[in-house]
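The structure appears right after this line, and notes come after that.
Computed from the coordinates by the stated procedures, all read-outs in this text should not be read as laboratory data. From a predicted model like this one, the values you see are computed outputs, not experimental measurements. For neighbour counting, all protein chains shown are included, and Cβ atoms are generated from backbone atoms with ideal geometry for every residue, glycine included.
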Amino acid sequence: MKIATWNVNSLKVRMPHLLDWLGSAAPDVIALQETKTEDAAFPRAPIEAAGWHVAFSGQKTYNGVALLSRRPGSHVQAGMPGFADEQKRVIAASYGDVRVIGAYVPNGQAVGSDKYEYKLRWLEAFTAYLRSELERWPRLVVVGDYNIAPEDRDVHDPKAWEGSVLVSPAERAAFRGLLGLGLHDAMRLFAQPDGTYTWWDYRAAGFRRNLGLRIDHILASAALAAECQACTVDVAPRKLERPSDHAPVWAEFTPAPALP
DNA sequence: ATGGCGCGCGCAGCGCGA
């Protein structure tokens, strides 16, 4: 089972890139972030015409998440129960016994800002939510734009970024808290080249110079981490005309064959 | 990298992203 995540930075604008990538990469499930589309205007037709089932939770202009899958999901849930939030940032569905949660973690804008405080509160609620989801769904994958670069090796210039939003100690502690639930960073299950990132600033030729951050992640519960065969960033779509500033990330999970 | 771009909204220029 191939599970992917991609912050598309506007689903409407990125539709051609998305459909191309779905065709070539052929994931079973992909989580999208920053669809920036209210539900009534969600462009289901071209997606369904390409053979995908969809679940989505969006709003005008900002945020918005979706799950696209080859087979229909069950137990679809938007948002986190018990955390009232106008901002559409979470959607979950199950595919067989595999639970997939797609998340768009708040950016936080600047350390100490109201948006940063909201980010930390949000991450606290997310941690509690994942704890309860793990109890119900031991085969859990949590994917999305976490807006956190977990370690210095996930940052092109750790000195320049030190202490700023996306790398601040409190954000990194929150990320470690997610790992502490028993989730595993799928990318780190395999050796990766130095300078493996998932986001590059549009400005200053950030991508060409590989001035990036690794902030999009696939976290897998122990049961699924044991079945993870690969995890990769596909930078190809970032090279296209009018790209998203994020690249898709995917992981392949294959259960061990049953003993004879 | 002080910013530089790209998005939505809406028709000018601003808020936001990371």
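Taken as Cα centroids, the range A:43-64 and the range A:83-139 sit 20 Å apart, rounded to the nearest whole angstrom.
For chain A, a crude dipole built from +1 on the beta carbon of Lys and Arg and -1 on the beta carbon of Asp and Glu, taken about the Cα centre, is about 320 debye to the nearest 20.
Farthest toward the positive end of the dipole of chain A, out of A:Val76, A:Gly180, A:Pro46, is the Cα of A:Pro46, where the dipole comes from beta carbon charges about the Cα centre. The 3J(HN,Hα) values that the Karplus relation (6.51, -1.76, 1.60; θ = phi - 60°) gives for the range A:143-158 are, in residue order, 10, x, 8, 7, 6, 9, 8, x, 9, 4, 5, 8, 10, 5, 9, x Hz. Gly and Pro appear as x. For chain A, leaving out every one of the trypsin sites (Lys or Arg not before Pro) that falls in a DSSP loop and has at most 13 other Cβ atoms within 10 Å, the longest unbroken run is A:61-207. Classification of the range A:159-205 by its C-alpha gyration tensor yields an oblate form. The axis ratio a/c (a ≥ b ≥ c) is 1.5 or more, and b/c is at least a/b. Placing a label point 7 Å from the Cα of A:Arg208 along the Cα-to-Cβ direction, the residues of the range A:226-260 whose backbone N falls under 16 Å from that point are A:238-243.
What the phi angles of the range A:22-30 give under the Karplus curve with 6.51, -1.76 and 1.60, with θ = phi - 60°, is a coupling list of 4, x, 7, 7, 6, x, 7, 9, 10 Hz, glycine and proline written as x.
Highest mobility in the GNM of chain A, judged by mean-square fluctuation with C-alpha springs under 10 Å and restricted to A:Leu240, A:Leu183, A:Leu32, is found for A:Leu240. Taking a ≥ b ≥ c as the square roots of the eigenvalues of the alpha carbon gyration tensor, chain A is rounded, as a/c is under 1.5. With R₀ fixed at 22 Å, the C-beta to C-beta distance from A:Asp152 to A:Lys239 puts the FRET efficiency at about 0.25. For the range A:76-192, give me the percentage of DSSP beta bridges that are antiparallel, rounded to the nearest 5 percent. Rounded to the nearest five, the antiparallel share is 60 percent. Seen through its C-alpha gyration tensor, with square-root eigenvalues sorted a ≥ b ≥ c, the range A:168-260 comes out oblate because a/c lies at 1.5 or above while a/b is not bigger than b/c. About its Cα centre, the range A:122-260 has a charge dipole of approximately 160 debye under the convention of +1 per Lys or Arg Cβ and -1 per Asp or Glu Cβ, with nothing else charged.
Considering only A:Glu151, A:Glu241, A:Glu38, the mean-square fluctuation computed in a Gaussian network model of chain A, springs between alpha carbons under 10 angstrom, is largest for A:Glu241. For chymotrypsin sites (Phe, Trp or Tyr not before Pro), the sites in the range A:142-238 that DSSP calls loop and that have at most 11 other Cβ atoms within 10 Å are A:Tyr202.
Taken along the Cα-to-beta-carbon direction at a fixed 7 Å, the label points for A:Asp97 and A:Ala191 span 3.4 nm. Think of it as helices only: each DSSP H run of n ≥ 4 in chain A is worth -39500 (n - 2.57), and spread over all residues that comes to -7500 deg cm²/dmol at 222 nm. Figure legend: label point modelled 7 angstrom from the Cα of A:Ala26 along Cα→Cβ; residues of the range A:218-255 with amide N under 18 Å from it are A:229-232, A:234, A:250-255. Site pair A:Leu19 and A:Glu117 shows an inter-label distance of 4.6 nm when each label is modelled 7 Å from Cα along Cα→Cβ. Amide H contacts for A:Ala230 (H built 1.01 Å from N in the peptide plane; partners 5 or more residues away or on another chain; cut-off under 5 Å): A:Glu252.
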